[in-house]
Amino acid sequence: MSLDIAIVSDIHHGPDRGSKKGSSAIPLLESFIAFTKETNPDCIIDLGDRISDTDYETDLRLLGEIASTLRKLPGTPHYLLGNHDVAKLSVADNEAALQCSLASASEDRNGFHLVFWNPFSKLDLAKGFSLQEGDLAWLKADLAATSLPSVIFTHVPLDNGSMKGNFYFEKNFPHHAAYPEAQGEAIRDIIERSGKVVLCINGHAHWNAHHCIDGIHYVTIPSLTELFTTWPEPNAAYARMSLSDHIEIEVFGRDPVFYRLPIKAPGTHWLNTSKDYAPGNLFPA
């Protein structure tokens with residue numbers, strides 16, 4: 001049995017700003033909608049940052065425009081919150097426009113447990129991201145309640161991977177790229193100790209990236225309207241993912257990539273002398 005998923009991220013509808021060509025967002029999103037209607041995936045996911053924030057009234061208008069376009073998607077898509085979505089607007093504003101709850105949720109599909117983790121995503125420009133009380137507890141409890149191989153969808157990367165070469169995060173906003181390292185370690189500890197997570201998918205970083213930690217794949221889906229890797233035209237990126245006895249992810253657009261990745265066996269871990277995954281010592285004296 002396989003599970004087919006269509007993914008779009010970082011639509012950034014709004015003004016052209018930096019290397020985000022927000023004026024192209026709706027036409028490019030229409031192409032993604034046509035793709036989903038043609039391929040009929042089992043699940044559609046938007047990883048957040050649907051707008052580029054300006055002020056409350058402008059953001060509310062932009063959100064309404066993008067929500068109206070997203071309603072053309074078939075089925076019932078899953079939406080995550082990005083930092084730009086809540087920079088000026090509230091979670092309730094987003095829920096009203098998208099006509100859905102944006103609380104963290106999960107569901108089982110075709111032998112996989114899909115986790116739509118929506119931790120606090122408002123970005124403090126001076127300090128960066130920070131998890132709020134209950135975010136980690138929710139994730140730990142959700143993973144404890146399933147026996148299925150699990151995939152976690154978030155807006156922000158969870159691997160704290162390298163941002164070398166990233167237009168935004170290498171030098172300009174390095175502390176905006178991920179959760180602080182201590183919180184990142186706490187997240188990964190829950191993920192790794194569950195013995196169930198096989199893949200984490202995120203947006204936010206606007207480029208293609210893959211990192212494997214403890215046999216768990218961390219994959220970044222690029223932004224629909226970003227152009228720093230495809231100058232002078234926007235990437236037009238979206239992705240198709242297939243889960244079966246392995247993982248296949250194909251990113252379309254002007255910076256395409258294809259991954260074919262193994263799924264590790266449940267409860268298995270890389271040898272790591274800094275963590276005690278099993279009773280006793282891995283390397284007794």
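The values are calculated or read from the model by the stated rules, or taken from the named source; none is laboratory data. Since the structure is predicted, the reported quantities are computational estimates derived from the model, not experimental observations. Positions of Cβ are backbone-derived with ideal geometry, glycine not excepted, and every protein chain shown enters the neighbour counts.
A few points about this structure:
Yes/no per residue for (1) hydroxyl-bearing (Ser, Thr, Tyr); (2) more than 25 Å from Ile5 (Cβ to Cβ):
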residue: Ser68; (1), (2): yes, no
residue: His84; (1), (2): no, no
residue: Ser106; (1), (2): yes, no
residue: Asn110; (1), (2): no, no
residue: Leu123; (1), (2): no, yes
residue: Gln132; (1), (2): no, yes
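- The set of residues in segment 143-155 that are in a loop (DSSP other than H, G, I, E, B), of a type in the set (Val, Ile, Thr) and either in contact with a Ser or Thr (Cβ under 7 Å, 6 or more places away or on another chain) or under 14 Å from Arg109 (Cα atoms) (or both) contains only Thr146.
- Note on segment 55-81: among residues that are out of contact with any strand residue (DSSP E or B) (no Cβ under 9 Å at 6 or more places or on another chain) and outside any helix (DSSP H, G or I), the one that is nearest to Leu102 (Cα to Cα) is Leu81.
- Condition met for Leu89 (out of contact with any Pro (no Cβ under 6 Å at 6 or more places or on another chain), assigned to a loop (DSSP other than H, G, I, E, B) and surrounded by fewer than 21 Cβ atoms within 10 Å (Cβ to Cβ)): yes
- Test for Gly215: is it in contact (Cβ under 8 Å) with a residue 40 or more places away in the chain, within 23 Å of Glu248 (Cβ to Cβ) and surrounded by fewer than 23 Cβ atoms within 10 Å (Cβ to Cβ): yes
- Matching residues, segment 197-212, being buried (at least 20 other Cβ atoms within 10 Å of the Cβ) and not hydrophobic (A, V, I, L, M, F, W, C): Asn202, Gly203, His204, His206, Asn208
- A search for C-beta distances below 7 Å between a residue of segment 183-196 that is in contact (Cβ under 8 Å) with a residue 24 or more places away in the chain and any residue that is basic (Lys, Arg) and assigned to a helix (DSSP H, G or I), counting only pairs 6+ apart in sequence or on different chains, returns Ile190/Lys140.
- Residues that are modelled with pLDDT of 95 or more and touching a Pro at 6+ places or on another chain (Cβ under 9 Å), drawn from segment 102-127: Ser104, Gly111, Phe112, His113
- Taking the criterion of being in a strand (DSSP E or B), of a type in the set (S, T, N, Q) and closer than 20 Å to Asp135 by Cβ, the only residue of segment 186-243 that qualifies is Asn202.
- Flag if Lys72 is surrounded by fewer than 19 Cβ atoms within 10 Å (Cβ to Cβ), charged (D, E, K, R), out of contact with any His (no Cβ under 7 Å at 6 or more places or on another chain) and closer than 24 Å to Tyr179 by Cα: no
- Close pairs from segment 28-46: first within 22 Å of Glu233 (Cα to Cα), partner of a type in the set (A, V, I, L, M) and surrounded by fewer than 20 Cβ atoms within 10 Å (Cβ to Cβ), Cβ under 7 Å, at least 6 apart: Ile33/Leu73
- Single condition Ala265 does not satisfy, out of (1) in a loop (DSSP other than H, G, I, E, B); (2) among the hydrophobic types (A, V, I, L, M, F, W, C); (3) out of contact with any helix residue (DSSP H, G or I) (no Cβ under 8 Å at 6 or more places or on another chain); (4) surrounded by 19 or more Cβ atoms within 10 Å (Cβ to Cβ): (4)
- Matching residues in segment 143-165 - criterion: being surrounded by 20 or more Cβ atoms within 10 Å (Cβ to Cβ) and more than 17 Å from the chain's Cα centre (by Cα): Leu143
- Output for segment 95-142, where each listed residue is more than 22 Å from Gly184 (Cα to Cα), touching a Ser or Thr at 6+ places or on another chain (Cβ under 8 Å), acidic (Asp, Glu) and assigned to a strand (DSSP E or B): Asp108
- Lone qualifier among Ala182, Ala239 - being over 18 Å from His269 (Cα atoms) and within 13 Å of the chain's Cα centre (by Cα): Ala239
- Some residue of segment 17-40 being among the acidic types (Asp, Glu) and on the phi > 0 side of the Ramachandran plot: no
- For Ile45: the one exception among (1) closer than 26 Å to Asp124 by Cα; (2) assigned to a helix (DSSP H, G or I); (3) not charged (D, E, K, R): (2)
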